[in-house]
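Down below is the structure, laid out as structure tokens.
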Amino acid sequence: MQSALDHFSLPRMRMVFLAKYRETGLLIMRVSLGVLFIILTGPVLLSGPARWANFGSAIRSLGLHSHYQIWGFIGALFGCLGGALMIFGLFFRPGVLLVFAITFVHLLGALEGGTWRGNLAAVELALILLGLLFVGPGKYSVDKN
């Protein structure tokens, strides 16, 4: 049985030519997310204990209510180190796990006080990182796995 809309549908767009750029797309994604995490966590890492405490206070969502400076320093270090590992594709999966840990803590903290609608960016980033964890670094990486 045909639908009335079948006569008005647009021809399917064929983007087969983009298949040869799959590894380039993965490289762009990997490098841009790595740079993003370095831009977000680098200033925190270089700012000192007061900023570390503010950054580390997100750990409250996991039930930890002390040593915010240490947690903030660890989180900022994870963000910078994980971002650098993602950029170069060296130890890619451990690097993704480092930045996923930060994103997961942020996501839990953001969901405590509100709805999903206001926190969709954190959910999307967590899902993208989870996907990259399974896909791997691609052909253009330092370790070339």
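The values are calculated or read from the model by the stated rules, or taken from the named source; none is laboratory data. These figures come from a predicted structure and were not determined experimentally. For neighbour counting, all protein chains shown are included, and Cβ atoms are generated from backbone atoms with ideal geometry for every residue, glycine included.
Annotations for the structure displayed:
- Residue within the stretch 48-61 that is under 20 Å from VAL31 (Cβ atoms), out of contact with any Pro (no Cβ under 6 Å at 6 or more places or on another chain) and among the polar types (S, T, N, Q) present: no
- Exactly one residue out of PHE104, PHE55, PHE37 is farther than 30 Å from TYR21 by Cβ and within 13 Å of the chain's Cα centre (by Cα): that is PHE104.
- Where a residue in the stretch 126-137 is over 25 Å from LEU111 (Cα atoms) and its partner, wherever it lies, is among the aromatic types (Phe, Trp, Tyr) and assigned to a helix (DSSP H, G or I), with Cβ under 9 Å and at least six apart: GLY136/PHE92; PRO137/PHE88; PRO137/PHE92
- The single condition among (1) under 18 Å from the mean Cα position of the chain (by Cα); (2) under 26 Å from PRO49 (Cα atoms) that ILE87 does not satisfy is (2).
- When the stretch 86-103 is filtered for residues that are free of Cβ contacts under 8 Å to residues at least 40 places away in the same chain, crowded, with 17+ Cβ neighbours inside 10 Å and hydrophobic (A, V, I, L, M, F, W, C), the ones remaining, listed by number, are VAL96, LEU98, PHE100.
Results for (1) under 28 Å from LYS20 (Cα atoms); (2) of a type in the set (Asp, Glu); (3) touching a Phe, Trp or Tyr at 6+ places or on another chain (Cβ under 7 Å), shown as yes or no for each residue.
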| position | (1), (2), (3) |
| --- | --- |
| HIS65 | no, no, no |
| GLY79 | no, no, yes |
| LEU98 | no, no, yes |
| LEU132 | yes, no, no |
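- Per-region count, the stretch 99-145, residues modelled with pLDDT under 80, in a loop (DSSP other than H, G, I, E, B) and polar (S, T, N, Q): 2
- Top-ranked residue in the stretch 17-33 [being without any contact (Cβ under 8 Å) to a residue 60 or more places away in the chain and within 15 Å of GLY82 (Cα to Cα); ranked as surrounded by the most Cβ atoms within 10 Å (Cβ to Cβ)]: VAL31
- Positions within the stretch 62-85 being buried (at least 19 other Cβ atoms within 10 Å of the Cβ) and either more than 19 Å from LEU26 (Cα to Cα) or at pLDDT below 90 (or both), in sequence order: TYR68, TRP71, GLY72, PHE73, GLY75, ALA76, PHE78, GLY79, CYS80, LEU81
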